[in-house]
Amino acid sequence: MTDMLPMQRLMNRIRQRSIGVTTMAAFGLAFTSVSSVGAQEREPPVRGMGVLKGQVIAAESDASLQGADIFVERASDGRTWRTKAGGGGRFRIPGLDAGEYTLRLSLLGWRERTERLLMEPGRERDLLFELSPNPIPVEAVQVLLNRTRLVTPGSDLPGSAQSLGGEELGRLNSLYGDVHKAVLDLPGVNVQEEEGYGLRPNIGLRGTGSERSSKITLMEDGVLIAPAPYAAPAAYYFPLIGRMEAVEVRKGSSQIKYGPRTIGGALNLVSRSIPNRLEASAAIAGGQNGTGRFSGTLGDSYSNLGWLAQANLIRTDGFKRLDGGGDTGYDLQDFLVKLRVNTNPDAAVYQAFTVKLGYWSQTSDEPYLGITDEDFGLTPDRRYAGSPEDVFNGDQQQYQLRHYIQPAEALNVTTTVYRNDFSRNWYKLQSVLGNGIGKVMADPDRFAGELAILQGAESGADALQVRANNRSYYASGIQSVLGTEARTGAASHGVEVGIRYHSDQEDRFQHQDGYEMEGGLLSLTSAGAPGSQSNRVNDASAWAFYVQDAIALGDWTFIPGLRYEAIRFDSVDYGTDDPTRSAPSVDQRQSRVAALIPGLGINYRVGRAIDLFMGLHKGFGPTGARATDETQPESSFNYEAGARLHGEGFQAQVTGFYSDYRNVLGRATLANSESGSGDIFNGGEVDVVGV
């Protein structure tokens, strides 16, 4: 048997398992245009009609090209047939009546070919098609990357999964540059706006809760990106959506391969691929409130080398109006560099190494302080005089080395070593006259004196306390995914096995300064000692394993899967009077959590146009480093069922889901409690039902 290009085989499998997006308003459906109705080779011969069959091979080596897409369009009415080249590059399309047709063959990594052909009544045509190589970006990211809107009929991905990419994502980014606006186009996604720019996204999936996106699994290119995904998952860092080429969301049983949080779903951002050939682009935009945006991309590929450089810059003075004047906007920078070195595409054992380096920084004049309902009705863009010192400063560096190898036709392994470092200091108003700003704003009539000071009334020294919420994080690990294919009788199997070791840390070292209000302006009256408000380190280390098998048997597809998480948490509190951390800690906590997470997805194809699917899986969410002995992991049983309809000219999908929480977790933060201790607590049973 002649061999295919190793990388092309991998990309074929990714394309064959690609998923799409369905846009759905609450309890409604949206429809998008489609010209094809799925694979046709299962149709029985139609009496008096022609059959087109053939083989797709490589022009230079005669290697068969399995997985090539074949589109046949009838000239008279535009009806389209679609199939894929199977084993040996062979394909067959029955049921073609007499007339003229346009045939198009496409395969990632090969030049597209278009042919005109004439079909005669009842005639069978057997043709040979050659495709010429076309350089491809050989970054074997084990994620789903596609441009279609829905899962295709007979897909081996049962359940609800969507993606945004291509022109659609580009349009949303050019309009908003805000990940909130982008993901709102996806069903089952809940967002909570905070400052109006999406700087610190609050994203939830299927009712998980959205605060700092801490209840879902966040990834970039399949790698965890929250500052400390296990120890402190609150997403105070989030990359610019403008440098991504796709956004993917998995829900239901299809997400158990992505942990640690498996209840609501997983969100994966796909960074820009290294281009096939020299590519250079730049865009500059500007608007009101001193808003400006620049994005630039430069990259190229050669036989054994590829590279990419990106820069994205955004700044604005802000749309809010601060009493006494001042900026309320932000400055944000996001840079990315990729370098790939690979063997020749026709090497006996294909390999590729990709280095990815990123730098992100943000300065934003954002407070926690809001305004009263009465003031919001009069001047919704107002900010009180008590918040001019509030500012967020953060920076993040990411380092990745990815190795891909395909030692055999049906075997590939992708291994990634990664490290993310993130630090931030959010200097923001904490209290006035000893009362937290949350308490004051919740009952402004009771705390009229405190409210008056926030609005600019005179105060004494240290009446306002501003806390430096200074924290640093790291997350590092190594993960490897093995993929293989096999057959047992009439069933085909696509098996994935993954393993990851991960460690992360949150280091809090915070202090608090005193201010007074004089003439409507704040002035510093006392400086706090470093570490005098919080002096604590939270660590986590975890082993994770998963295995799943996509079993295709006739019109049925089954995907059983199993995930295992074993986690250790350590928390050391050094106390507020030991900035050098020289004495034994005043509070030490250690805990271990282990969970076995099974899941099953089932898809049944009804004819050519309908898929029925269902899934069930166990949901899991780790406790975190600040859990007490009584705290239990977040756990649930999750169910979903739905249908996809594929017709000529439209597609539709509807999914119903039920999440049966045995225990939901809460966290005491400054946003919801007086102490802001960060402690985790049991929240009890919860039911979440939706469509």
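The values are calculated or read from the model by the stated rules, or taken from the named source; none is laboratory data. Predicted, not measured: the structure shown is a model, and the values here were computed from it. Glycine gets a Cβ as well: all are built from the backbone with ideal geometry, and neighbour counts include every protein chain shown. We work out accessible area using only protein heavy atoms, side chains counted, and drop any ligands, DNA or RNA first. Shrake-Rupley method; radii C 1.70, N 1.55, O 1.52, S 1.80 Å.
Quick notes on this one:
- Heavy-atom accessible surface of region 458-536: percent carbon and sulfur, 1.4 Å: 54
- Extreme residue, positive dipole direction of the chain, given options Ala627, Pro260, Val51 (C-beta unit charges): Val51
- Between Glu374 and Phe335, the modelled label-to-label distance comes to 5.0 nm, taking each label 7 Å out from Cα in the direction of the beta carbon.
- Magnitude of the charge dipole for the chain, about its Cα centre and with charges confined to Cβ atoms of Lys, Arg (+1) and Asp, Glu (-1), is about 2540 debye.
- C-alpha center-to-center spacing [region 584-639, region 540-583] in angstrom: 10
- Whole-Hz ³J(HN,Hα) from phi, Karplus 6.51 cos²θ - 1.76 cosθ + 1.60, for region 628-642, glycine and proline x: 9, 4, 7, 6, 10, x, 6, 8, 6, 10, 10, 10, 8, 8, x
- Karplus-derived 3J(HN,Hα), 6.51/-1.76/1.60, for each residue of region 657-665, Hz, glycine and proline x: 9, 9, 10, 9, 6, 7, 7, 10, 9
- In the chain, the calculated helix contribution to ellipticity at 222 nm averages -1500 deg cm²/dmol per residue, counting -39,500 (n - 2.57) for every DSSP H run with n ≥ 4.
- Atom-type composition of the exposed protein surface of region 194-259 places 49 percent of the accessible area on carbon and sulfur (1.4 angstrom probe).
- Folded to 0 to 90 degrees: helix 166-175 orientation relative to the chain principal axis, Cα: 30
- For region 374-388, 3J(HN,Hα) computed residue by residue from phi via the Karplus equation (6.51, -1.76, 1.60; θ = phi - 60°) reads 4, 5, 5, x, 8, 9, x, 9, 6, 10, 6, 5, x, 10, x Hz, glycine and proline entered as x.
- Highest to lowest packing among 527-534, 585-592, scored as the average C-beta count within 10 Å: 527-534, 585-592
- Per residue value of the accessible surface for the chain (all protein chains in place, 1.4 Å probe), Å²: 40
- For Val191, the solvent-accessible surface with a 1.4 Å probe is about 40 Å², rounded to the nearest 10.
- Folded to 0 to 90 degrees: helix 6-16 orientation relative to the chain principal axis, Cα: 80
- Taking all protein chains as they are arranged and a probe of 1.4 Å, the heavy atoms of Lys439 leave approximately 80 Å² accessible to solvent.
- With 25 Å as the limit on Cα-Cα distance, the pairs of Lys215/Lys356; Lys181/Lys215; Lys181/Lys251 that go past it are Lys215/Lys356.
- For the chain, dividing the convex hull volume of the Cα atoms by the residue count gives 163 Å³ per residue.
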